[in-house]
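Student: My structure is below; once you've seen it, I'll send some questions.
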Amino acid sequence: MAINVNTVYQTVLLILNKEQRGYMTPLEFNKIGTQTQLEIFETYFESLNQQIRIPQTNVDYADRVLNLDEKISIFKTSGIPTYTAPSFSLPSESGLAQSTETIPTVAGTVAYTFSSITANELSSGTVQVFFDGVLQPTTAYSITGTIITLTVSPVAGTPPAPNTPASVFVVVTLDDFYRLGTVTYQSGALDAQELERVTRSELYHLLSSKLTKPTTHYPIYLYENKRLLVYPTTITNGITVDYIRKPADPLWNFTLGTSNQYVYSPNTSINFELHDAEQTELILKILLYAGVVVKSPEIIQVAAQQVAQENQNQKS
Amino acid sequence: MPIPNGGLITETNRQYYAGDQQFTVPATAVNQSFTSTFDTDLIVGTGSYWDPGSLGYNVNNVKVFTSVNAQVWTELTPVSTDFSVTLNAAANGNQPVVGIVANANVVGGNIYALINATSGLVYGTIVTSVNNGGVDTLTLNQNLAAIGIVAGTLLSVRRIITWQMLTPNIITISESLNINTYVKIQLTESAREDNFGSYEYTRLKDVIDNFLIAYVGAGKLIPSVKRTDVIFHARRGLQEFSYDTLKSIKSSELTIPPSLSLTIPQDYVNYVRLSYVDNLGVLHIIYPTNNLNQSPYYTFAQDDLGNPIQDSSESNAEVTSQTNATWNSNNPRQISGGYVNNLNNANAVFDQSVYSGALGQRYGMDPQTSQTNGWFKIDERKGTFSFTSNLANKLILLQYISDGNAYDLDARIPKLAEDALYSHIAHAILATSANTQEYIVQRYKKERSAKLRNAKIRLSNIKLDQIIQVMRGKSKWLKF
């Protein structure tokens, strides 16, 4: 369930090009697409807060809270935090958001430049490098910026890896932790217990009150600097974190055609992860930004009106 | 229905009545795990808790048994795993190597210990076992004593760890179990008794969880609340209910020592009744002294002017209480008027001649002192009950109330009062929340009050046939 990036791009181009208003390059589209996706994604949580305070109907498909939850559910995931005394570090990546690139090697050449994986992704994500499908230790390569340098120079001849890789396949798992949700604790065959989030000012009172002192039945945690301090401190494992991950950045990737035109490359492109119901709003918002890019006030005005109308319908 | 089938009962008949849970071993393997599904959480001690010879074993509320036929069970202890091995030749002292006749079951890795089969002496744990033809050379974790092991000594090998509970309620058995043999987890007798009758109660943890599910959430009167608030109000509610609504179930059988004092129980909040037990086992109420006597809180030493004297630490020095000494030495019959032995004291009115003349006409008798059971008082300073001398060496029953929060097992509420506790929590939260309309607070206040009254009536255990029986004794017949 995702919105096809090519469908969105072609629709945007179609509307933009009508009456020869202008053109949006893939690079511009990818950046505006990322911005728009995050903008829509962020509105979910504010909208949920608004809707949850309004009585809802229980007629199928008409409950706005449920509809919003369905949109958010795409990004719900869970992970196991790592304990390093005295606290747990959050799971930084769900493994769902990945950038990949295959680089053919040339005999005698050790340095190669990534074309689709960005320097930001390489620096913030977890990189795995495969030579002919075999995962390599970090000693087999080094990465600086967007350049990967192999430790051993490829030589001509028939693979196998690792010393003579025919191709290098790189997977970057992105740091996509967005919002912390429920934290649970389970030990052995006991029922899972939800941890309650408290602030530091509450903590000292809770710890000193015999009635409310945290126990393994009712554990609590502090959330500070992306780390979880769990009480009672005897809990050092068994913690699971449910969280919302960020959507992966959309990518309309291409190859150059015979006339140097952009040819859509579906296998290396990344679709919008938003719910299908967002396609209209997504296109309108991209158009709104596109109007700024091509300096067309008409586009901006029409798109803004449409977006406002849609928002009004969703929330009234 | 012997098998739990989705209702509130989650234990099988066997788990509840016999306190054991039986497993059929699914495969022949080592380190197999068996998950307990008792309502009672398994508890183990520290150290070598699987060994009856360790202190930790006494803390366990569980024992583990194995059987090949589910008929004859053997408790899984280190001793039960002993098997004989034959010493190959005498082993020298002050060194860790022992040779035994080759035995495939003996392996290294500190899994087994080498034992003197006759005396039970542990020579050490087997670190390595190297086969040299017909002989296994064992290297122990420590040197043998100077005497070594003399030829002909009977040896056995014992598994060091038989079972463990590495994570709560999951028992892992380290030895290889054969497929289709049986394992049994058996609760100790006290753990089983603690569980008996538990269906009468709902655990406080369940009350808190149920409250958060049913009373808190979007669209409800309590849209959100911190769980710690619910825990606080639930525990406070249980305390309040314990004082005047719930049944008093705490009681302690004690013998009054010659000092006539007993320490107040650790979880004591207030007494319900103190009674001594006569030869028939019948209880006789011991009454409080009330205005007859009271233990002083301070017993200052005084100077000639009546001022307290200070000691070397600049605190008031204290002396032995004369009030207590006098009270302890009295004859309670002189207070109750049971008989007179001194015409010069205040009980002269009970002089035999007067008493005989006024037989049956003791006008002005004070009922609270006219009893022979004895009195007790509470010394708040020392934290003791003190009794009159006629109760020395007598067996008494102290019935008292606690607050329901002293021990984990206490943290439960009778189902007959469960709804009242929900209302208590709801009212407490609404009453302390900002922006709650007063009419809602009042509504919940009334609801709490009504449900608490219902709970009191239910827990009063009024049974019509018992009332009828009592009234028959009063010659007042009731038709029903």
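The values are calculated or read from the model by the stated rules, or taken from the named source; none is laboratory data. All of these numbers come straight from a predicted model, not from anything done at the bench. Reconstructed Cβ throughout: ideal geometry from the backbone, glycine too, with neighbour counts over all protein chains shown.
Student: How many residues are closer than 17 Å to B:SER48 by Cα and among the polar types (S, T, N, Q) when one looks only at the range B:170-198?
Tutor: 2
Student: Let me ask something else about it. Among the listed residues A:ASN49, A:ASN17, which satisfies the condition of being out of contact with any Lys or Arg (no Cβ under 9 Å at 6 or more places or on another chain), within 14 Å of another protein chain (Cβ to nearest Cβ) and not basic (Lys, Arg)? So that I can check it myself, show each step before the final result.
Tutor: Details: A:ASN17 fails: within 14 Å of another protein chain (Cβ to nearest Cβ).
From the options A:ASN49, A:ASN17, the qualifying one is A:ASN49.
Student: Out of all the residues in the range A:136-169, which are outside any loop (DSSP other than H, G, I, E, B), under 30 Å from A:THR77 (Cβ atoms) and at pLDDT 80 or above? Spell out how you get there, then give the answer.
Tutor: Just the residues of the range A:136-169 that are outside any loop (DSSP other than H, G, I, E, B), to begin with: A:138-144, A:147-150, A:167-169.
Remaining after also requiring under 30 Å from A:THR77 (Cβ atoms): A:138, A:141, A:143, A:148, A:168-169.
Listed by number, the residues that qualify are A:THR138, A:TYR141, A:ILE143, A:ILE148.
Student: Could I ask something else about it? Can you pull out the strands (runs of 3 or more DSSP E) entirely within the range A:60-109 that have at least 2 residues that are under 23 Å from A:PRO247 (Cβ atoms) and either touching a strand residue (DSSP E or B) at 6+ places or on another chain (Cβ under 7 Å) or at pLDDT below 85 (or both)?
Tutor: Passing ranges, in order: A:76-79, A:98-104.
Student: Between a residue in the range B:368-385 that is under 11 Å from B:TYR297 (Cα atoms) and without any contact (Cβ under 8 Å) to a residue 24 or more places away in the chain and any residue that is exposed (fewer than 13 other Cβ atoms within 10 Å of the Cβ) and hydrophobic (A, V, I, L, M, F, W, C), which pairs come within a Cβ distance under 7 Å, given they are 6 or more apart or on different chains?
Tutor: Between residues of the range B:368-385 that are under 11 Å from B:TYR297 (Cα atoms) and without any contact (Cβ under 8 Å) to a residue 24 or more places away in the chain and residues that are exposed (fewer than 13 other Cβ atoms within 10 Å of the Cβ) and hydrophobic (A, V, I, L, M, F, W, C), there is no close pair.
Student: On to the next question. Given the options A:SER115, A:SER73, A:SER92, name the one that is in contact (Cβ under 8 Å) with a residue 60 or more places away in the chain, more than 14 Å from chain B (Cβ to nearest Cβ) and of a type in the set (S, T, N, Q).
Tutor: One residue alone meets the criteria, A:SER92.
Student: Sticking with this structure for a sec: Return the only residue of B:ASN60, B:ASN132, B:ASN116, B:ASN92 being at pLDDT below 90 and either touching a Gly at 6+ places or on another chain (Cβ under 8 Å) or not charged (D, E, K, R) (or both).
Tutor: Working: B:ASN60 fails: at pLDDT below 90; B:ASN116 fails: at pLDDT below 90; B:ASN92 fails: at pLDDT below 90.
Being at pLDDT below 90 and either touching a Gly at 6+ places or on another chain (Cβ under 8 Å) or not charged (D, E, K, R) (or both) holds for just one of B:ASN60, B:ASN132, B:ASN116, B:ASN92, which is B:ASN132.
Student: Separate question: Please count how many residues of the range B:16-48 are β-branched (Val, Ile, Thr) and not in a loop (DSSP other than H, G, I, E, B).
Tutor: Summing the residues that are β-branched (Val, Ile, Thr) and not in a loop (DSSP other than H, G, I, E, B) in the range B:16-48 gives 2.
Student: Somewhere in the range B:62-84, is a residue part of a loop (DSSP other than H, G, I, E, B), within 14 Å of chain A (Cβ to nearest Cβ) and under 30 Å from B:THR40 (Cβ atoms)?
Tutor: no
Student: Go through (1) touching a residue at least 24 places away in the same chain (Cβ under 8 Å); (2) among the β-branched types (Val, Ile, Thr); (3) in contact with a strand residue (DSSP E or B) (Cβ under 7 Å, 6 or more places away or on another chain) one by one and return the number of the condition A:ILE283 breaks.
Tutor: Condition not satisfied by A:ILE283: (3).
Student: Restricting attention to the range A:184-221, which residues are away from chain B (no Cβ under 11 Å), surrounded by 17 or more Cβ atoms within 10 Å (Cβ to Cβ) and farther than 23 Å from B:MET165 by Cβ?
Tutor: A:TYR221
Student: Limited to the range B:202-244, what total is found for residues that are aromatic (Phe, Trp, Tyr), under 20 Å from B:LEU8 (Cβ atoms) and either crowded, with 19+ Cβ neighbours inside 10 Å or within 13 Å of chain A (Cβ to nearest Cβ) (or both)?
Tutor: Matching residues across the range B:202-244 total 1.
Student: What do you reckon, is B:THR46 surrounded by 11 or more Cβ atoms within 10 Å (Cβ to Cβ) and either touching a Gly at 6+ places or on another chain (Cβ under 6 Å) or in contact (Cβ under 8 Å) with a residue 60 or more places away in the chain (or both)?
Tutor: Numbers: surrounded by 11 or more Cβ atoms within 10 Å (Cβ to Cβ): no; either touching a Gly at 6+ places or on another chain (Cβ under 6 Å) or in contact (Cβ under 8 Å) with a residue 60 or more places away in the chain (or both): yes.
No: the conditions fail for B:THR46.
Student: Among the candidates B:LEU292, B:LEU274, which residue alone is surrounded by 10 or more Cβ atoms within 10 Å (Cβ to Cβ) and in contact with a Leu (Cβ under 7 Å, 6 or more places away or on another chain)?
Tutor: B:LEU274
Student: Can you tell me which residue in the range B:63-91 is surrounded by the most Cβ atoms within 10 Å (Cβ to Cβ), limited to those that are over 32 Å from the mean Cα position of the chain (by Cα) and without any contact (Cβ under 8 Å) to a residue 60 or more places away in the chain?
Tutor: B:ALA91
Student: Further, regarding this structure: Given the condition in a helix (DSSP H, G or I) and closer than 30 Å to B:VAL277 by Cα, answer yes or no: does some residue in the range B:430-441 qualify?
Tutor: No, the range B:430-441 has no match at all.
Residue-by-condition table, conditions (1) farther than 30 Å from A:SER116 by Cβ; (2) of a type outside the set (Gly, Ala, Ser); (3) surrounded by fewer than 17 Cβ atoms within 10 Å (Cβ to Cβ):
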{"residue": "A:TYR9", "(1), (2), (3)": "no, yes, no"}
{"residue": "A:ASN30", "(1), (2), (3)": "no, yes, no"}
{"residue": "A:LEU38", "(1), (2), (3)": "no, yes, yes"}
{"residue": "A:TYR44", "(1), (2), (3)": "no, yes, no"}
{"residue": "A:ASN49", "(1), (2), (3)": "yes, yes, yes"}
{"residue": "A:ARG53", "(1), (2), (3)": "yes, yes, yes"}
{"residue": "A:ALA62", "(1), (2), (3)": "yes, no, yes"}
{"residue": "A:LEU66", "(1), (2), (3)": "yes, yes, yes"}
{"residue": "A:ILE74", "(1), (2), (3)": "no, yes, no"}
